[in-house]
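Report on one structure; see the data block that follows.
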Amino acid sequence: MPAVSKALDGGAAKTPNKATQMASAADQEGIQLDAAVRMGLSRNPDLLSAMQELGIANATVIQAGIISNPTLSGQVKFPDNRAFDTY
């Protein structure tokens with residue numbers, strides 16, 4: 001990905017700096033710039049924390065919209081007739 005090296009050093013042919021050397025190494029190893037950025041962002045602790053908070057907030061919104069389980073209640077009365085009790 002020579003465009004990465006050219007973009008990092010401003011396109012000028014001068015002594016390569018650290019960023020240019022890293023971009024060249026990335027080109028040789030086959031890693032793409034977007035993959036490297038994605039990897040860096042996925043390992044950022046601040047971003048991971050924010051994503052977790054966002055996920056919790058989203059789950060709370062979903063849970064608030066869910067209808068609760070229906071309940072059924074009733075009462076049964078049996079006759080209080082002791083005449084049928086035989087021991």
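The values are calculated or read from the model by the stated rules, or taken from the named source; none is laboratory data. Bear in mind that the values here come from a model prediction, so they are computed numbers and not experimental data. Here the Cβ is made from the backbone with ideal geometry for all residues, glycine too, and neighbour counts use every protein chain on show.
Within segment 25-66, the residues that satisfy the criterion of being exposed (fewer than 10 other Cβ atoms within 10 Å of the Cβ) and modelled with pLDDT under 85 are Q28, E29, G30.
Within segment 29-81, the set of residues being under 14 Å from the mean Cα position of the chain (by Cα) and assigned to a loop (DSSP other than H, G, I, E, B) comprises R43, N44.
Report whether or not D85 is surrounded by fewer than 10 Cβ atoms within 10 Å (Cβ to Cβ) and at pLDDT 85 or above. Before the answer, list the steps.
On the way: surrounded by fewer than 10 Cβ atoms within 10 Å (Cβ to Cβ): yes; at pLDDT 85 or above: no.
It is false that D85 is surrounded by fewer than 10 Cβ atoms within 10 Å (Cβ to Cβ) and at pLDDT 85 or above.
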